[in-house]
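Participant: Structure in structure tokens, see below.
Bear in mind these aren't lab numbers, they're just calculated from the coordinates by the rules spelled out. What you see is a predicted model, and the numbers here were worked out from it, not measured in a lab. A quick note on method: Cβ atoms are made from the backbone with ideal geometry, for glycine too, and the neighbour counts reach across all protein chains shown.
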Amino acid sequence: MKRVVFGMAAAVALACSPAAWAVKEGDSAPPFTAKSTGGSDVSLSDFSGSWLVLYFYPKSFTPGCTAQGCSLRDGFGPITEAGAKILGVSVDKLETQNRFKAEHRLPFDLLADEDAAVSRAYGVSTLMGRMARRVTFIISPEGRIARVMEDIRTGSHDAQVLDALRELQSAAM
């Protein structure tokens, strides 16, 4: 009997490959419920009938995650004017998420995915659930994955999201 052993680098590379995603464009968005910085549980069903920008990020207070959150903060007006809601998700504790939101004046809620259930459902969980990969899902008002964004430019993610929303909404007309 032959045994195959993966080293840590191979396991991380495999977990980070786009082929490892659990959901693809056109799939129904996996339902979720998690604690939010808004003070209550938030579920996918709360956004039924609206576009939802569901962005996963590895860790609050790190440079890339801060740049991404602040970019979405700065582009919040145009994104919401385009009819979308924004929701950030990481496996950080709720207390950390609350501090991150307050310190950077984020106008949207963050989910504390402490058990990585939401991250696993969307196929972005890595390192045994200790982090989520940086992936953004745009979910249509009908609850389908309209866009999966992997190539994230953290400092201008708002522009990436807005361009994708406009493209998706034009195609839906």
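Participant: Going through segment 37-71 one residue at a time, which ones are among the hydrophobic types (A, V, I, L, M, F, W, C) and under 12 Å from the mean Cα position of the chain (by Cα)?
Facilitator: Of segment 37-71, the ones among the hydrophobic types (A, V, I, L, M, F, W, C) are 42, 44, 47, 51-54, 56, 61, 65, 67, 70.
The answer is L52, V53, L54, F56, C65.
Participant: Now, a different point. Can you pull out the residues in segment 30-71 that are in a strand (DSSP E or B) and either within 19 Å of A146 (Cβ to Cβ) or free of Cβ contacts under 8 Å to residues at least 40 places away in the same chain (or both)?
Facilitator: So in segment 30-71, the residues in a strand (DSSP E or B) come out as 33-36, 41-43, 51-56.
Passing the criteria: T33, D41, S43, W51, L52, V53, L54, Y55, F56.
Participant: Would you point out which residue out of R133, R144, R153 is in contact with a helix residue (DSSP H, G or I) (Cβ under 7 Å, 6 or more places away or on another chain), more than 15 Å from G75 (Cα to Cα) and among the charged types (D, E, K, R)? Steps first, please.
Facilitator: Working: R144 fails: in contact with a helix residue (DSSP H, G or I) (Cβ under 7 Å, 6 or more places away or on another chain); R153 fails: more than 15 Å from G75 (Cα to Cα).
Exactly one of R133, R144, R153 is in contact with a helix residue (DSSP H, G or I) (Cβ under 7 Å, 6 or more places away or on another chain), more than 15 Å from G75 (Cα to Cα) and among the charged types (D, E, K, R), namely R133.
Participant: Let me ask you something else. Does G129 qualify as being of a type in the set (G, A, S), farther than 20 Å from L168 by Cα, surrounded by fewer than 21 Cβ atoms within 10 Å (Cβ to Cβ) and touching an Asp or Glu at 6+ places or on another chain (Cβ under 7 Å)?
Facilitator: On the way: of a type in the set (G, A, S): yes; farther than 20 Å from L168 by Cα: yes; surrounded by fewer than 21 Cβ atoms within 10 Å (Cβ to Cβ): yes; touching an Asp or Glu at 6+ places or on another chain (Cβ under 7 Å): no.
Answer is no for this residue.
Participant: Taking the criterion of being under 15 Å from the mean Cα position of the chain (by Cα), closer than 16 Å to D27 by Cα and among the hydroxyl-bearing types (S, T, Y), would at least one residue in segment 148-156 satisfy it?
Facilitator: Keep residues of segment 148-156 that are under 15 Å from the mean Cα position of the chain (by Cα), which gives 148-154.
Checking which are closer than 16 Å to D27 by Cα leaves us with 148-149.
Filter once more, so that each one left must be among the hydroxyl-bearing types (S, T, Y): none.
No, segment 148-156 contains no residue that is under 15 Å from the mean Cα position of the chain (by Cα), closer than 16 Å to D27 by Cα and among the hydroxyl-bearing types (S, T, Y).
Participant: Does any residue of segment 73-95 turn out to be in a helix (DSSP H, G or I), surrounded by 17 or more Cβ atoms within 10 Å (Cβ to Cβ), within 13 Å of the chain's Cα centre (by Cα) and touching a residue at least 12 places away in the same chain (Cβ under 8 Å)?
Facilitator: no
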